[in-house]
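Here is the structure we will look at, set down as structure tokens.
The values are calculated or read from the model by the stated rules, or taken from the named source; none is laboratory data. Just so it is clear, the model here is predicted, and its values are computed rather than measured. Because the Cβ atoms are built from the backbone with ideal geometry, glycine has one as well, and the counts that use them run over all protein chains shown. We work out accessible area using only protein heavy atoms, side chains counted, and drop any ligands, DNA or RNA first. Shrake-Rupley method; radii C 1.70, N 1.55, O 1.52, S 1.80 Å.
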Amino acid sequence: MPGRRFTRILLKLSGEVLMGDDAAGGGLAIDPAVTARVAGEIKDAREAGHELCVVVGGGNIFRGLSAAAKGIERATADYMGMLATVMNALAVQNALEQIGVETRVQSAIPMASVCEPFIRRRAERHLEKGRVVIFAAGVGSPFFTTDSGAALRAAEMKCDALFKGTSVDGVYDADPKKVSGARRYETVSYSRVLSDDLKVMDASAIALCRDNDIPIVVFNIRDHGNLAAVLRGEGVSTIVQTLMKDTTDAGL
């Protein structure tokens, strides 16, 4: 992204990012060391002059769609998943404040004892004061993913881009963990992501970003220093955006 300057960004993290590498072997759902490293990434970006808001998924604790498939009523399962995102938001807040970064957690489901309710103007004021705002509980309604919640908050906060931190370094034309010859895109259009079902985010989130002209930057948050590097235009990533009619989706 040489030459592009994203001042205000929304960082979307999957809950699994907080688990650490040994999660499959029975590791912690929220690994304090991993959470502290992610907080350091956010601090570095903030100190580079960016305004940041954050959305963290809840899949490391509870995944509503999977629970619904096992017999829990879907709306109930989704509300349980929203509560999991609040737990993750508080963990990230704690890690940030331990390294001197002032934060606020705002939840779409009011719970005044632990965080603020989501109020857009208040969130904007926090960002203007240099605080990191962490949005929890998705959109506050079932049947929507945290991807959709992230896209919605990015639009409401007038973010310059939505950064999705994952365990892969961009968007590929096939699953790079299964297909050795998968090609990574440098840039790809919203329409290609939707038509080819590239699994960047769910379709409603992609459409919301497209309709509000919010680029989606997909990068590997597990690589130390990668968030700041991508913001400088130096790291490896894929940007999903509207492309000119004479521009084709480009890979390496």
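So if I place +1 on the C-beta of Lys and Arg and -1 on the C-beta of Asp and Glu, and nothing else carries charge, what would the dipole magnitude of segment 95-236 be about its Cα centre? I want it in debye, nearest 20.
On the way: 19 positive and 19 negative charges, 47 e Å.
Around 220 debye, computed over segment 95-236.
Annotation: amide H of THR187 within the under-5 Å range of ILE239, ALA250, sequence separation 5 or more or interchain, hydrogens built in the peptide plane. Mean residue ellipticity at 222 nm, helices only, the chain: -10500 deg cm²/dmol; runs of at least 4 DSSP H residues each add -39,500 (n - 2.57), and the sum is divided by the number of residues. Taking every alpha-carbon pair in segment 112-252 and binning the separations at 5 Å intervals from zero gives 2, 9, 17, 20, 21, 15, 9, 5, 2, 1, 0 percent. Sorted on the mean count of surrounding Cβ atoms within 10 Å across their residues, most packed first, peptides 186-196, 34-44 read 34-44, 186-196. Element breakdown for the chain at a 1.4 angstrom probe: carbon and sulfur atoms account for 51% of the accessible area. In order along segment 70-79, phi translates into HN-Hα couplings of 9, x, 7, 4, 4, 4, 4, 4, 5, 5 Hz, rounded to whole numbers, per the Karplus curve 6.51 cos²θ - 1.76 cosθ + 1.60 with θ = phi - 60° and x for Gly and Pro.
Give the shape of segment 82-167 as rounded, prolate or oblate, defined through the alpha-carbon gyration tensor: a ≥ b ≥ c are the square roots of its eigenvalues, a/c under 1.5 means rounded, and otherwise the shape is prolate if a/b is larger than b/c and oblate if not. It is rounded, given that a/c, with a ≥ b ≥ c, falls under 1.5. The value of relative contact order for the chain, using C-alpha pairs under 8 Å at least six residues apart, is 22 percent.
Entry note: segment 1-143 has Rg to Rh equal to 0.99, where both radii use alpha-carbon atoms and Rh is the Kirkwood radius. A quarter of the convex hull surface defined by the alpha-carbon atoms of the chain gives 13.7 nm² as the mean projection. Across q = 0.18, 0.22, 0.26, 0.28 Å⁻¹, segment 55-108 modelled as identical point scatterers on its alpha-carbon atoms has Debye log10 I(q)/I(0) values of -0.59, -0.76, -0.92, -1.00, in the order of the q list.
Apply the a/c threshold of 1.5 to the C-alpha gyration tensor of segment 161-231 and tell me whether it is rounded, prolate or oblate. Please report the intermediate quantities before stating the final value.
Working: a/c = 2.11, a/b = 1.11, b/c = 1.90.
Oblate, since a/c reaches 1.5 and b/c is not below a/b.
Note down the magnitude of the dipole of the chain about its Cα centre, charges +1 on Lys and Arg C-beta and -1 on Asp and Glu C-beta and zero elsewhere, to the nearest 20 debye. Numbers along the way, then the final one.
Values: 30 positive and 31 negative charges, 85 e Å.
Using Cβ point charges on Lys, Arg, Asp and Glu, the chain gives about 420 debye.
Taking all protein chains as they are arranged and a probe of 1.4 Å, the heavy atoms of LEU198 leave approximately 30 Å² accessible to solvent. For the set THR242, THR7, the ranking by accessible area, highest first and with no ligand, DNA or RNA atoms included, is THR242, THR7 under a 1.4 Å probe. Across segment 82-206, C-alpha contacts under 8 Å between residues 6 or more apart give a mean separation that, scaled by the residue count, equals a relative contact order of 19 percent. Of all lysines in the structure, those lying under 26 Å Cα to Cα from LYS129, and not within fewer than 8 positions of it along the same chain, are LYS12, LYS43, LYS158, LYS164.
When the charge dipole of the chain is built from unit charges on Cβ atoms (+1 for Lys and Arg, -1 for Asp and Glu) and taken about the Cα centre, the candidate among ALA228, TYR172, VAL101 whose Cα reaches farthest toward its positive end is VAL101. Ordering 61-68, 116-123 by mean Cβ neighbour count within 10 Å, with the highest value first, yields 61-68, 116-123.
Mind jotting down the distance between the C-alpha centroids of segment 153-232 and segment 67-122, whole Å? The two parts, judged by their Cα centres, are 23 Å apart.
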